[in-house]
Amino acid sequence: MIDVISYEELRKVQNIERDNKELQHLEEDFFKKVREYIASKQKILNENKDKDNTFSRVSIEQIEKELCNIDNILIDLCSRRSKKIILQAITNINSRIHDTEKMLPFEERLYNETIKMLKENTSSFMSCFEDKPEIHESKPISTAKVIHFLEPTPSFLWNDGKTYGPYNSGDVASVPFQVGEILIKEKKAIELITK
């Protein structure tokens, strides 16, 4: 266990992660130590910014470069760990055993969400091979006709229990489909086309 982290120790953590196929264990206080290390470097930087001597300028340049390198190390470490987690999720998609012991809590969420997304993707992919009945769009079956009466027609009771009419010559009305068909066939009305 590292008591105080240094730039060299941080590089060592990065190299161990890089050189091993499996996810490496990070100490619980790793992030706290890195934050403290960065804060100490930032403090030295702030203390020396106002000093105008060669040693201070060189020291500031070195610390700024080191802070930039630390950012790069941390980004690389995160990227390598994320890649390993995603590859582990791909490998274990159908497994019942999921070793998440070396994962940090947010990395475990990434792992679980990746597994979930991969399973959804597999399901969608496989559903493309299932036979699905073709659905043909059909025009709605008309239950009424709009007709223009050519001659007077007395009222009548239809099988739907409603009374229709009386209609005068020139009237326009919506009547049950079958009624319209009969009246058109008997030349007592003509159909009006509606859109």
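With the condition kept exactly as written, say whether any residue in the range 126-140 is basic (Lys, Arg) and at pLDDT 85 or above.
Taking the range 126-140 and keeping what is basic (Lys, Arg), we get 132, 139.
Those left that are additionally at pLDDT 85 or above: none.
No, the range 126-140 contains no residue that is basic (Lys, Arg) and at pLDDT 85 or above.
With the requirement that a residue be under 20 Å from Asp29 (Cβ atoms), out of contact with any Ser or Thr (no Cβ under 7 Å at 6 or more places or on another chain) and part of a helix (DSSP H, G or I), what does the range 72-117 give you?
Within the range 72-117, Ile73, Leu74, Leu77, Cys78, Arg81, Pro105, Phe106, Glu107 meet the criteria.
Would you mind stating whether Lys33 is surrounded by fewer than 12 Cβ atoms within 10 Å (Cβ to Cβ), outside any loop (DSSP other than H, G, I, E, B) and either of a type in the set (D, E, K, R) or at pLDDT 90 or above (or both)? Please lay out each step first, then the result.
On the way: surrounded by fewer than 12 Cβ atoms within 10 Å (Cβ to Cβ): no; outside any loop (DSSP other than H, G, I, E, B): yes; either of a type in the set (D, E, K, R) or at pLDDT 90 or above (or both): yes.
Answer is no for this residue.
Is it the case that Ile44 is more than 19 Å from Ile16 (Cβ to Cβ), among the β-branched types (Val, Ile, Thr), in a helix (DSSP H, G or I) and without any contact (Cβ under 8 Å) to a residue 40 or more places away in the chain? Step through it out loud before you land on a result.
On the way: more than 19 Å from Ile16 (Cβ to Cβ): yes; among the β-branched types (Val, Ile, Thr): yes; in a helix (DSSP H, G or I): yes; without any contact (Cβ under 8 Å) to a residue 40 or more places away in the chain: yes.
Yes; evaluated as a whole, the condition is true for this residue.
Consider only pairs whose beta carbons are under 6 Å apart and that are at least six residues apart or on different chains; among these, list those whose first residue lies in the range 17-33 and is in the same structural domain as Lys84 (by TED's automatic domain parsing) and whose second residue is among the β-branched types (Val, Ile, Thr).
From the range 17-33, the pairs are Gln24/Ile16; Lys33/Ile5.
Scan the range 169-195 and report the pairs whose first residue is in contact (Cβ under 8 Å) with a residue 24 or more places away in the chain and under 8 Å from Lys145 (Cα atoms) and whose second residue is part of a loop (DSSP other than H, G, I, E, B) and of a type in the set (S, T, N, Q), with Cβ atoms within less than 6 Å and a gap of 6+ or a chain change.
Cβ pairs passing all conditions: Phe177/Ser142; Phe177/Thr143.
Restricting the range 151-172 to residues that are in a strand (DSSP E or B) and among the polar types (S, T, N, Q), which is surrounded by the fewest Cβ atoms within 10 Å (Cβ to Cβ)? I'd like the intermediate steps shown before the answer.
First pass over the range 151-172, keeping only residues in a strand (DSSP E or B): 153, 156-157, 163-164, 167, 172.
Filter once more, so that each one left must be among the polar types (S, T, N, Q): 153, 163.
Working: Thr153: 22, Thr163: 9.
So the residue we want is Thr163.
Within the range 155-175, how many residues are under 14 Å from Ile190 (Cβ atoms) and out of contact with any strand residue (DSSP E or B) (no Cβ under 7 Å at 6 or more places or on another chain)?
0
For the range 48-65, how many residues are at pLDDT 85 or above and loosely packed, with under 15 Cβ neighbours inside 10 Å?
4
Which condition number does Leu77 fail, the rest of (1) in contact with an Asp or Glu (Cβ under 8 Å, 6 or more places away or on another chain); (2) over 30 Å from Thr100 (Cα atoms) being met?
Unmet condition: (2).
For the list (1) exposed (fewer than 13 other Cβ atoms within 10 Å of the Cβ); (2) under 29 Å from Ala89 (Cα atoms), I need the number of the one condition that Leu23 fails.
(1)
The values are calculated or read from the model by the stated rules, or taken from the named source; none is laboratory data. Quick caveat: nothing in here was measured; it's all calculated off a predicted structure. Counting neighbours? That spans all protein chains shown, and the Cβs are built from the backbone with ideal geometry, glycine included.
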